[in-house]
Every structure is written in structure tokens, then in C-alpha cells.
1. When the residues of segment 110-135 are filtered to those that are within 13 Å of VAL61 (Cβ to Cβ) and assigned to a loop (DSSP other than H, G, I, E, B), which remaining residue is modelled with the highest pLDDT?
2. Report, ordered by the first and then the second residue, all pairs with beta carbons closer than 7 Å, sequence separation of six or more or different chains, a first member in segment 38-60 that is in contact (Cβ under 8 Å) with a residue 12 or more places away in the chain, and a second member that is not in a helix (DSSP H, G or I).
3. Going residue by residue through segment 73-96, is there one that turns out to be under 22 Å from LEU130 (Cβ atoms), out of contact with any Gly (no Cβ under 9 Å at 6 or more places or on another chain) and surrounded by fewer than 14 Cβ atoms within 10 Å (Cβ to Cβ)?
4. Condition first: of a type in the set (A, V, I, L, M, F, W, C) and crowded, with 17+ Cβ neighbours inside 10 Å. Now tell me which residues in segment 114-123 satisfy that.
5. Run GLY107 past the list (1) modelled with pLDDT of 95 or more; (2) not in a helix (DSSP H, G or I) and report the number of the one that doesn't hold.
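The values are calculated or read from the model by the stated rules, or taken from the named source; none is laboratory data. None of these values were measured; they are calculated from a predicted model. All Cβ positions, even for glycine, are placed from backbone atoms using ideal geometry, and neighbour counts span all protein chains on display.
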Amino acid sequence: MGVTKRGRRSTDIMKTKFKKFAKGSGFTLIEIMIVVSLIGMLAAIAIPHVLRARATSQRTVCINNLRQISSAMQQWALELKKDATAPITPDDVIPFMKSTIVCPAGGTSFADSYELTTVAVQPTCRQVPLNHLLQ
């Protein structure tokens, strides 16, 4: 431990500085409660907007996926000279797409995300069929 110019040890100086600092500093319970309640109100305002934005972005991605699938269906039909009533499966369409796509609203594979019937019928989303529509 070092000794200062006035003959006091540095630990003594730290104790006195700490005592001066500790007496008048700190937050009261009311101040902490106000800050916590403000953070809670901000979270209550922000969370519904974040969830709505997430659902909107998932819908947009799914609709774009449906457009890609529809385009791949048309390419498949033209290349293999199929008519509009020809049945189509995911295995027919997947080679005409860059990568396998799934619905961002909870799909795990192409087969459980999108439903294909015939070339003339637009593909549909199996996860959220009422909201994710290709128009």
C-alpha cells in the first residue's frame, strides 16, 4: 500500500471517497419504478407493431414464392408440351426453380408449404391459405 504526501494511506483515501460518494448517490425506489413502467409501456406499444410487420413480411415472401412456383409450372408445361388440365407435382416443378422454397409462416418443406393441382390452377399456400394468395 502506498503512502501519500500527507502521510495517509491510499486505502484510507479510497474509504473516505467511497463514503462521500455512497451517502448521496443512488436511485430511489420511485425512480426505478417509473423507469420500469416507462419501459413496459414502450414494449406494450412496440410489440404489436413488430408482430404485424413480421406477418406482413412473411405474407410478401410467400406471395413471391407462389409467383416463382407459378412461373416454374408454366415453364414445365411449355417444355414438356402439357395442356392446362395436366396434373402437376412438386417433383415436376422443383427442377425449374433455383432452390427449394418453403412458406416462411411455418413450412418445413415444399410439400407441406404449397399445394399444386393442375397447370391452369394457381398454386396455394398450405400454411396460411386465406391470407397468402396469389392474385
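1. GLN127
2. So the pair list comes out as GLN58/PRO104; GLN58/ALA105; ARG59/ASN131; ARG59/HIS132.
3. Checking segment 73-96: not a single residue is under 22 Å from LEU130 (Cβ atoms), out of contact with any Gly (no Cβ under 9 Å at 6 or more places or on another chain) and surrounded by fewer than 14 Cβ atoms within 10 Å (Cβ to Cβ).
4. Answer for segment 114-123, where residues must be of a type in the set (A, V, I, L, M, F, W, C) and crowded, with 17+ Cβ neighbours inside 10 Å: LEU116, VAL119.
5. (1)
Here is a yes/no grid of residues against (1) loosely packed, with under 11 Cβ neighbours inside 10 Å; (2) without any contact (Cβ under 8 Å) to a residue 24 or more places away in the chain; (3) out of contact with any Cys (no Cβ under 6 Å at 6 or more places or on another chain):
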site: GLY26; (1), (2), (3): yes, yes, yes
site: LEU29; (1), (2), (3): yes, yes, yes
site: CYS62; (1), (2), (3): no, no, no
site: SER99; (1), (2), (3): yes, yes, yes
site: ASP112; (1), (2), (3): no, yes, yes
site: CYS125; (1), (2), (3): no, no, no
